[in-house]
Every structure is written in C-alpha cells, then in structure tokens.
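See below for the structure under consideration.
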Amino acid sequence: MNYLFFKDLLFYSFFIIMAIILYRRLLRRMSKGNIDQSDYCILFSLEINPASGEIPFYFTLEKEQMVSLFIEHKDKSSFLVVEKTFKPGGHIIRYDSKQLADGFYYYILKTNLQETKKKFTIQNN
C-alpha cells in the first residue's frame, strides 16, 4: 500500500513539474516578438487646439536618439521645426505659428524606428 502511494505521488509531481516547464516555454515563445517600448518616443497631443501664437510640442523618450519634428500642411507641403539628438526625458519644442496660415496641419515626429503624426488646427486670427 505504501508503494502505491509513493508511485502516485511521484507520478503527480512529475506531471506538475512538466506542466510548469511547458508553461514557461510557452510564455517565453510568446514574448519573443514583443516590442521594446524604450526604443520609441511618445508624442503628446496639444493642450490647446485650435492653436495660436507659440505652440508647445511635447514628447518623451527613454533613450538618447535623433529626433526630427516637422509640420505638414494638408496639401502635403512640410517644413522642419527641429532636428537634433535629444537626451532621455521630456522635451518641449516651441514654435511660433504666426508664420503659418490658418488651417489644418499635422505635426510629425520622426526617429530611426518610428513616425508619429497628429492633427491640429491653427487659428491665429
């Protein structure tokens, strides 16, 4: 009787250990294709939209990298606001919108790994 008890105990223990090992392998396989979020910037929406006067564009990044910020008109004409290497943390780029006509625009943040685009309106008058 004692022999059967230990045999069953070993069988169930082996089954549980194998289940744990297979579960961990499954988790490891599923996480292989995950994206490292620290490689990407987060571009925030404007606090005031429609914008007028000086516009603060805010973004954050976790690693030092080259960032380009563009403003694009709805007719696809665009111009560069800033292009430089930024250190980790939050950054505000200010731009005087009085140089632009009223209307719909996009602000675009580009790095080596991403391009993020957000729509905004300029209403200076």
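The values are calculated or read from the model by the stated rules, or taken from the named source; none is laboratory data. In this text the structure is predicted, and so the values were computed from the model without any measurement. Cβ sites come from the backbone with ideal geometry, for glycine too, and all protein chains shown count toward neighbours. Accessible surface is based on the protein model in full, side chains and every heavy atom, while ligands, DNA and RNA are left aside. Shrake-Rupley method; radii C 1.70, N 1.55, O 1.52, S 1.80 Å.
Could you say which residue among L69, L113 is in contact with an Asp or Glu (Cβ under 6 Å, 6 or more places away or on another chain) and within 11 Å of C41 (Cβ to Cβ)?
Working: L69 fails: in contact with an Asp or Glu (Cβ under 6 Å, 6 or more places away or on another chain).
Answer to the check: L113.
Which is open to solvent by 30 Å² or more (accessible area, probe 1.4 Å) and either touching a Ser or Thr at 6+ places or on another chain (Cβ under 6 Å) or farther than 17 Å from T121 by Cβ (or both), of L43, L69, L61, L80? Walk me through it before giving the result.
Details: L43 fails: open to solvent by 30 Å² or more (accessible area, probe 1.4 Å); L69 fails: open to solvent by 30 Å² or more (accessible area, probe 1.4 Å); L61 fails: open to solvent by 30 Å² or more (accessible area, probe 1.4 Å).
Selected residue: L80, the only one of L43, L69, L61, L80 that is open to solvent by 30 Å² or more (accessible area, probe 1.4 Å) and either touching a Ser or Thr at 6+ places or on another chain (Cβ under 6 Å) or farther than 17 Å from T121 by Cβ (or both).
Say whether the condition of being farther than 18 Å from E54 by Cβ, open to solvent by 30 Å² or more (accessible area, probe 1.4 Å) and of a type in the set (D, E, K, R) is met by at least one residue in segment 88-104.
no
With a cut-off of at least 3 residues that are free of Cβ contacts under 8 Å to residues at least 24 places away in the same chain, name the strands (runs of 3 or more DSSP E) lying wholly within segment 1-113. It would help to see each step written out before you state the result.
Values: elements: 54-61, 65-73, 78-86, 89-96, 103-110.
Ranges flagged: 78-86.
Where residues in segment 70-92 are closer than 13 Å to T111 by Cβ and aromatic (F, W, Y), which of them is nearest to the chain's Cα centre (by Cα)?
The residue in question is F86.
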